[in-house]
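Here the structure is laid out as structure tokens; the discussion comes afterwards.
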Amino acid sequence: MRAEVGIVGAGPAGLLLSHLLALRGIDSVVVEIRSRAYCEARQRAGVLEEGTVRLLREAGLAGRLDRLGIEHGGIYLQFAGERHHIDFRALTGGRTVTVYAQTEIVKDLIAQRLADGGVVHFSASDTSVDHLTSDRPVLRFTDAGGARHEISCDAIVGCDGFHGISRAAIPVDLLTVRQREYPYAWLGILADVPPSTDELIYAHHRRGFALHSLRSPSVSRLYLQVDPDESIEQWPDTRIWDELQRRFELPGWELKEGPALDKGITAMRSFVSAPMRYGRLFLAGDAAHIVPPTGAKGLNLAVADVAVLAPALAALLTGDERLADAYSATCLNRVWRSTHFSWWMTTMLHRTPGADEMEAELQLSQLRYVTSSRAAATSLAENYTGYSDVRG
Ligand code: RFL
Ligand code: PHB
């Protein structure tokens with residue numbers, strides 16, 4: 001079998017790349033180990049930068065996003081019993097973010113690819129990549145029916161997330177890895193209750209960080225900092241709501257409770273692997289880099305990577321390698337900015353187990369500065385809403 005581009009992974013990065021390539025008349029095959037239903041139900045990100053929304057709109061993918069996405073002009077930062085609004089619109093000359101779940105983006109992308117005749121193999125197994133330094137790299141997999149396939153490609157793109165096989169196919173001595181694991185995790189719930197807030201609340205509390213986000217006018221998304229070794233069985237709904245009530249407590253404000261529709265615990269890490277290319281293998285999204293979710297950057301970085309990669313692959317197929325050669329450095333510039341911002345938000349807002357009073361005072365001082373200095377608030381707003389040109 002032949003395909004111009006082989007894509008490993010049907011997350012946001014792989015599916016969007018397949019669509020962007022199709023818009024340029026380039027055919028691709030997407031291979032995914034999970035089922036379609038699993039990919040469409042996996043609860044993850046919720047916040048889209050303005051540039052991400054613009055890109056999806058320009059690619060003809062924003063029909064439901066424009067109807068169901070909720071535009072937000074700021075966030076709240078809560079600490080020491082006070083809640084402060086950071087007004088993105090006022091600070092950045094009108095920039096906003098949009099709350100639209102990753103599950104919905106994935107549904108939109110899968111529907112569009114299939115409607116356009118795109119090839120996506122769900123529930124595949126034994127994926128492998130080979131001949132990466134030749135100009136005919138090979139993608140192998142077993143399809144859902146048990147048939148073995150070998151696809152000869154012009155290029156292969158690893159969009160298979162942090163635990164995928166693509167990054168592991170690059171010789172380790174050619175990769176530089178920078179990483180940090182945080183001594184805490186996020187417990188996330190999707191709750192069948194209208195949001196108690198008009199904009200996201202990021203709360204710093206002595207008992208640990210909490211975040212109030214949302215999915216729709218009737219569904220809320222909430223997160224709690226927990227220890228990384230805790231299991232979800234230790235957290236019945238009543239315990240989760242008791243802890244959320246404590247961390248968000250504010251006189252005159254009420255947190256509405258409802259049944260949890262989905263619960264999970266996620267480890268927190270920063271990770272950057274460079275370069276994002278080895279011969280004819282390119283890495284995009286979480287396959288190359290991970291940020292802790294506090295800055296809401298992971299999905300936006302995945303979208304930005306493939307926005308840079310699609311034109312680079314189009315040029316590569318015509319024999320012009322210049323954009324492909326620049327791909328890794330172009331993306332890593334944005335990746336490191338988002339890595340710094342996510343680390344900064346994370347360390348400002350979480351309680352480090354065993355930390356002394358010095359650290360707590362330093363965090364509070366930083367939070368007071370961000371909520372009282374226009375320059376500091378503008379920096380947060382500029383980073384959170386995203387960087388002007390999503391193409392890097
Ligand atoms: P994905 O979404 O992990 O998709 C990778 C796909 O590859 C498949 N796969 C394989 N397929 C074939 N063969 C193999 N050997 C394979 N191994 C794996 C997987 O099944 C999967 O379908 O990576 P992608 O496309 O790079 O997208 C990245 C985003 O998913 C991720 O960065 C965001 O979800 C991060 N994130 C957030 N990002 C934001 O921009 N804004 C947010 O508000 C935000 N909140 C979050 C988040 C991530 C979270 N978790 C659970 C990690 C909140 C949370 C709690
Ligand atoms: C979410 O809605 O899932 C969400 C929002 C903001 C974050 C992380 C996750 O920083």
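The values are calculated or read from the model by the stated rules, or taken from the named source; none is laboratory data. Computed from a predicted model, the values in this text were never measured in an experiment. Positions of Cβ are backbone-derived with ideal geometry, glycine not excepted, and every protein chain shown enters the neighbour counts. SASA here: full protein model, heavy atoms, side chains in, ligands and nucleic acids out. Shrake-Rupley method; radii C 1.70, N 1.55, O 1.52, S 1.80 Å.
Evaluated against (1) free of Cβ contacts under 8 Å to residues at least 40 places away in the same chain; (2) assigned to a helix (DSSP H, G or I); (3) over 21 Å from the mean Cα position of the chain (by Cα), Gly319 falls short on exactly one condition, (2).
Screening segment 32-54 for residues that are open to solvent by 40 Å² or more (accessible area, probe 1.4 Å) and among the polar types (S, T, N, Q) and picking the one that is farthest from Val120 (Cα to Cα) gives Gln43.
Only a single criterion out of (1) open to solvent by 30 Å² or more (accessible area, probe 1.4 Å); (2) touching a helix residue (DSSP H, G or I) at 6+ places or on another chain (Cβ under 9 Å) is not satisfied by Phe209, namely (1). Could you grab me the full set of residues in segment 287-305 that are more than 15 Å from ligand 2 (Cβ to nearest atom) and either acidic (Asp, Glu) or not in a helix (DSSP H, G or I) (or both)? Those that are more than 15 Å from ligand 2 (Cβ to nearest atom) and either acidic (Asp, Glu) or not in a helix (DSSP H, G or I) (or both): Ala288, His289, Asp305. What number of residues within segment 338-352 satisfy the criterion of being part of a helix (DSSP H, G or I), within 14 Å of Tyr184 (Cβ to Cβ) and among the β-branched types (Val, Ile, Thr)? Count: 2. Here Ala355 passes the criteria (1) open to solvent by less than 60 Å² (accessible area, probe 1.4 Å); (2) in contact with a strand residue (DSSP E or B) (Cβ under 9 Å, 6 or more places away or on another chain); (3) in a loop (DSSP other than H, G, I, E, B) except the one numbered (2). Residues in segment 262-293 that are of a type in the set (Ser, Thr, Tyr) and near ligand 1 (Cβ under 9 Å from one of its atoms): Thr266 only. As a summary of the residue check, Asp262 satisfies the conditions (1) away from ligand 2 (no atom under 15 Å from the Cβ); (2) touching a residue at least 60 places away in the same chain (Cβ under 8 Å) except for the one numbered (1).
Residue selection: Arg42 satisfies the criterion of being within 16 Å of ligand 2 (Cβ to nearest atom) and not aliphatic (A, V, I, L, M). Filter segment 220-259 down to the residues that are closer than 16 Å to Asp198 by Cα and open to solvent by less than 50 Å² (accessible area, probe 1.4 Å), then identify the one that is nearest to ligand 2 (Cβ to nearest atom). For segment 220-259, the residue satisfying everything is Arg221.
Looking across segment 183-206 at every residue that is open to solvent by less than 20 Å² (accessible area, probe 1.4 Å) and under 13 Å from Leu349 (Cβ atoms), the one that is nearest to ligand 2 (Cβ to nearest atom) is identified as Leu200.
A quick yes/no check of all residues on (1) outside any loop (DSSP other than H, G, I, E, B); (2) away from ligand 1 (no atom under 12 Å from the Cβ); (3) open to solvent by 10 Å² or more (accessible area, probe 1.4 Å):
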position	(1), (2), (3)
Glu150	yes, yes, yes
Ile156	yes, no, no
Asp160	no, no, yes
Arg178	yes, yes, yes
Glu181	yes, yes, yes
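Every residue, every condition in (1) surrounded by fewer than 21 Cβ atoms within 10 Å (Cβ to Cβ); (2) in contact (Cβ under 8 Å) with a residue 40 or more places away in the chain; (3) within 16 Å of ligand 1 (Cβ to nearest atom); (4) among the acidic types (Asp, Glu), yes or no:
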residue	(1), (2), (3), (4)
Arg67	yes, no, no, no
Gln78	no, yes, no, no
His84	yes, yes, no, no
Gly93	yes, no, no, no
Thr96	yes, yes, yes, no
Tyr100	no, yes, yes, no
